[in-house]
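K.L.:
One structure coming up, written as structure tokens, with questions to follow.
The values are calculated or read from the model by the stated rules, or taken from the named source; none is laboratory data. What you see is a predicted model; the values in this text were computed from it and never measured. When we count neighbours, we look across all protein chains shown, and the Cβ atoms used for this are built from the backbone with ideal geometry, even at glycine. The area values use the complete protein model at the heavy-atom level, side chains included, leaving out ligands, DNA and RNA. Shrake-Rupley method; radii C 1.70, N 1.55, O 1.52, S 1.80 Å.
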Amino acid sequence: MDEDRWLLPAGIEEVLPPHAQILERLRRELLDLYRSWGYELVIPPFVDFLDSLLTGTGQDLDLRTFKLTDQVSGRLLGVRADMTPQVARMDAHQLRRESPTRLCYLGTVLHTRADGFAGTRSPYQIGAEIYGHGGIESDLEILRLILLTLRTAGIGSCYLDLGHVGIFRGLARQAGLDGRQEHDLFDALQRKAVPEIEQQVAGLGLDNKVARMLVALAELSGDDALERAPEVLADADGRVQEALKYLRGLADALHRFVPEVSVHYDLAELRGYRYKTGAVFAAFVPGWGLEIARGGRYDDIGRVFGRARPAVGFSADLKGLLRLGAGLEGRYLEGPAIYAPWSSDPGLLAAID
């Protein structure tokens, strides 16, 4: 029917005046902010070879990526669902710097299904990443940049959610889980399905101490999770203890730099587990159930391009920031207009110019 031509696909949005102009002003302000911190702008292609888009991310992006066949090469192409793999390729293959590299980007990505970014399938993704430095300092810089991004967008009240994928990964290795067992337990942990976790662990025939820690992991969340973790995970091996030590160090540094920001800890939060290698984090706004920004450490993502460097970064949906921001319309008001009649009079045209 003719009226259906006005409809947009579910999760696909258009931005109208004056919001489009406000969005553009916010884009410029954020990119200028990142530039002032030393981040260089890159522009990845919207369509890329599928194996490049899924590099290091595996199933995390596979089901969310639109796929098509290239009529020129015959190879599978994908519409980017995330820009991090492409930026990792730029760092590893084109730039090939020895020193740490700060890169930022902005553009539309497309998802086959809605995810945590405000339920959209077409986020206007903005992000920043550091390559070539592994440690708390670069994690902290990215977290501070997330907070500055939200503040620039007029979001004054937010809290951070911190975790570390190395804790579950270390426990899974200590338990000797195979890939399928680890995947099933990972899925149950994401749903905080404690009875299901207990049932799975009971069926694995594990050592009692390891089994107890895997079950307890689901409840290691909250403001005091890091305080409870040493006792709950006292029997964990060195890899888990190292991850806990790292997370405590990051939490202490964050508190020193931004003591006013609330931090929530969830040691079973494993967003991006299949390619993240260390700390993972997200920002939330009170009263809004979905994350407004997300990030973490992914040190192995450039390996397939021949150069795995330490890497950490974050991304956010600019349209989501606009939706939750306050005071943007007043900040970006257009200046007064000057109206003139249509005329071919040279004097009037010169005055208008």
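K.L.:
Could you pull out which residues in the range 301-322 have an amide N less than 16 Å from a spot 7 Å beyond the Cα of Glu242, following the Cα-Cβ vector?
P.N.:
The answer is 310-311, whose backbone nitrogens lie closer than 16 Å to the label point.
K.L.:
Please compute, over every Cα-Cα pair in the range 1-97, the percentage with a separation greater than 21 angstrom.
P.N.:
Of the Cα pairs, 57 percent sit more than 21 Å apart.
K.L.:
Across the range 300-353, how large is the tail of the calculated P(r) beyond 17 Å, expressed as a percent of all Cα pairs?
P.N.:
Across the range 300-353, Cα pairs with separations above 17 Å total 71 percent.
K.L.:
Take the alpha carbon atoms of the range 78-97, find their center, do the same for the range 227-270, and report the distance between the two centers in whole angstrom.
P.N.:
30
K.L.:
Turning to a different aspect of this structure: What is the percent carbon and sulfur in the accessible area of the range 175-304, measuring with a 1.4 Å probe over the protein chains and ignoring ligands?
P.N.:
Answer for the range 175-304 is 49 percent, counting heavy atoms of protein chains only.
K.L.:
Spin-label point model (7 Å from Cα, Cβ direction): what's the Leu68 to Glu137 distance in nm?
P.N.:
4.5
K.L.:
A further question on this structure: For the chain, modelled as a GNM with alpha-carbon contacts under 10 angstrom, which of Gly107, Gly170, Gly205 fluctuates the most?
P.N.:
Result: Gly205 has the largest fluctuation of those listed.
K.L.:
Which value in nm describes the separation of the simple spin-label points at Arg228 and Ala20, placed 7 Å from the Cα toward the beta carbon?
P.N.:
It is 5.0 nm.
K.L.:
Run the reach check for Lys245 against lysines, Cα to Cα strictly under 22 Å, same-chain hits fewer than 8 apart removed. What comes back?
P.N.:
List returned: Lys209, Lys276.
K.L.:
Please express the shape of the chain as an equivalent ellipsoid: the semi-axes are the square roots of 5 times the eigenvalues of the C-alpha gyration tensor, given largest first in whole angstrom.
P.N.:
After diagonalising the Cα gyration tensor, the semi-axes are 41, 24, 21 Å.
K.L.:
Give me the three principal axis extents of the range 140-181 from the C-alpha atoms, as integers in angstrom, largest value leading.
P.N.:
Extents along the principal axes: 47, 18, 13 Å.
K.L.:
Could you give the accessible area per residue of the chain, probe 1.4 Å, as a whole number in Å²?
P.N.:
For the chain, the solvent-accessible area averages 49 Å² per residue.
K.L.:
Next question, about the same structure. Computing the accessible area with a 1.4 Å probe over protein heavy atoms, can you report the carbon and sulfur percentage for the range 5-105?
P.N.:
57
K.L.:
With loop defined by DSSP as not H, G, I, E or B, and exposure as at most 10 other Cβ atoms within 10 Å, which is the longest segment of the chain clear of exposed chymotrypsin sites (Phe, Trp or Tyr not before Pro)?
P.N.:
Excluding the exposed sites themselves, the longest stretch runs over 1-338.
K.L.:
Another one. Suppose only helical runs count, i.e. DSSP H with n ≥ 4. What mean residue ellipticity at 222 nm does that imply for the chain under -39500 (n - 2.57) per run, divided by all residues and rounded to the nearest 500 deg cm²/dmol?
P.N.:
Computed ellipticity for the chain at 222 nm equals -11500 deg cm²/dmol.
K.L.:
If you plug each phi of the range 95-103 into the Karplus form 6.51 cos²θ - 1.76 cosθ + 1.60 with θ = phi - 60°, what whole-Hz ³J(HN,Hα) values come out, in order, with x for Gly and Pro?
P.N.:
Couplings: 7, 6, 7, 8, 7, x, 10, 10, 10 Hz.
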